[in-house]
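Since the structure comes first, as structure tokens, the remarks are kept for the end.
The numbers here are math on the coordinates, done by the rules we state, and not lab data. Remember, it's a predicted structure, so these values are computed and weren't measured experimentally. As a convention, Cβ positions derive from the backbone with ideal geometry for all residues, glycine included, and neighbour counts pool all protein chains shown.
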Amino acid sequence: MIRVSKIGHVALFTPELERQVEHYAGLVGLATVARDGDAVFLACPGDHHSVVLRRGEAAGCAALGLQVPRGTELRDVARQLSGHGLAAEHRSDTGPDLPALVAFDSPDGQRIEIYEEREASGASPAGGTIAPLKLGHAAFRVVDPARSVAFFTEVLGFRVSDWMGDFFAFLRCGPDHHTVNLLRSPAPRLHHLAMELRDWAHVKEACDMLGKRRVPLIWGPGRHTVGHNIYTYHLDPDGQILELYTELDQMSDEAAGHWDPRPWHHETPLRPRRWEMDPFLSNAWGIPTPQGFRDA
């Protein structure tokens, strides 16, 4: 089995490249670490690169980057993918300090790029920007969440953290509660990407910065029940949803099988479970899920 160890990046197509760069660099605060023609590589300090913006005719997700431990033989990764009936392509020189990766399409048609873990950029964000710590997770709309969960767990080595009903799955590949989310929808596509902030004070600062730039929140602030992260959501200029969050549940000891205790948990120890399908259970506090958000 392939063992994905952490998220790498989310690549986005955009018809308005400079407008998107201004949002992610000039407001969100990611550092531009490389530029190659119509591709711009942006990084949080905790990532090698976090977001790749590629010029395209329409906005959408170009790829999800996933990392495997150093020393993993990528040709073995390609062979394992082929054994699952997936056509894998071994590519070189696809980004800054990224000598090789394996690219393939998931059963949902999402492009996935796998490469060895890379050093964090350590880039210093510009002053007066939100400046998140890292890319935390990506959420995708999929037709059949159970089938998609089977792919991520049986092929890529993810673990199931929680379910909400039978329509929303949360998967992890490290201590973070979720790295990939899978939400049932008739139209597969990226739902949102999420970046981690330092703490609750950082969330407030981010909201102030968004307000100064007249970027409205579409949900939040609040605290989710599944994962227990404090969150806000807003739209980038292309209409992609960006979540800013803090205090996401952690499982530092996989053998123990429960989330690290936190004061806001309703039970201790709190273990992975299937949560009831109740719109009010999306939040421990804050407004309920806005109408149409899950299908956005």
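Summary of values
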{"read-out": "Cβ-defined net charge surrounding Phe168, 9 Å radius [Lys, Arg +1; Asp, Glu -1]", "value": "0"}
{"read-out": "Relative contact order of segment 220-289, pairs being alpha-carbon contacts under 8 Å that are 6 or more residues apart, as %", "value": "33 percent"}
{"read-out": "Contour excess over end-to-end distance, with Cα ends at His258 and Glu18 and 0.36 nm allotted per residue", "value": "82.0 nm"}
{"read-out": "Prolate/oblate/rounded label for segment 134-282 (Cα gyration tensor, a/c 1.5)", "value": "oblate"}
{"read-out": "Leading residue at positive end of dipole, segment 1-77 (Cβ point charges), from Ala58, His48, Leu30", "value": "His48"}
{"read-out": "Label point 7 Å beyond Cα of Trp285 along Cβ direction - residues of segment 211-232 with amide nitrogen under 16 Å", "value": "220-226, 228-232"}
{"read-out": "Dipole moment magnitude, nearest 20 debye, the chain about Cα centre, only Lys, Arg, Asp, Glu C-beta charged", "value": "260 debye"}
{"read-out": "Karplus-derived HN-Hα couplings along segment 105-122 (A = 6.51, B = -1.76, C = 1.60, θ = phi - 60°), whole Hz, x at Gly and Pro", "value": "9, 5, x, 8, x, 7, 5, 10, 10, 10, 8, 5, 4, 10, 5, 5, 5, x"}
{"read-out": "Table column - 3J(HN,Hα) (Hz), segment 28-39, Karplus curve with 6.51, -1.76, 1.60, x for Gly and Pro", "value": "5, x, 6, 8, 7, 9, 6, 9, 9, x, 9, 10"}
{"read-out": "Net +/- balance of residues flanking Lys6 in space, Cβ distance below 13 Å, scoring K and R +1, D and E -1", "value": "-1"}
{"read-out": "Gain on full stretching of the segment that runs from Arg35 to Thr268 - 0.36 nm per residue minus C-alpha separation", "value": "79.1 nm"}
{"read-out": "Where GluC sites (Glu not before Pro) fall in DSSP loop in segment 209-270, at most 14 other Cβ within 10 Å", "value": "Glu254, Glu267"}
{"read-out": "Net charge of Cβ neighbours under 14 Å - reference Pro272; Lys, Arg +1; Asp, Glu -1", "value": "-2"}
{"read-out": "Size of electric dipole in segment 195-292: Cβ of Lys, Arg +1 and of Asp, Glu -1, about Cα centre, debye, nearest 20", "value": "320 debye"}
{"read-out": "Residues Met164, Met195 arranged by fewest to most Cβ contacts within 10 Å", "value": "Met164, Met195"}
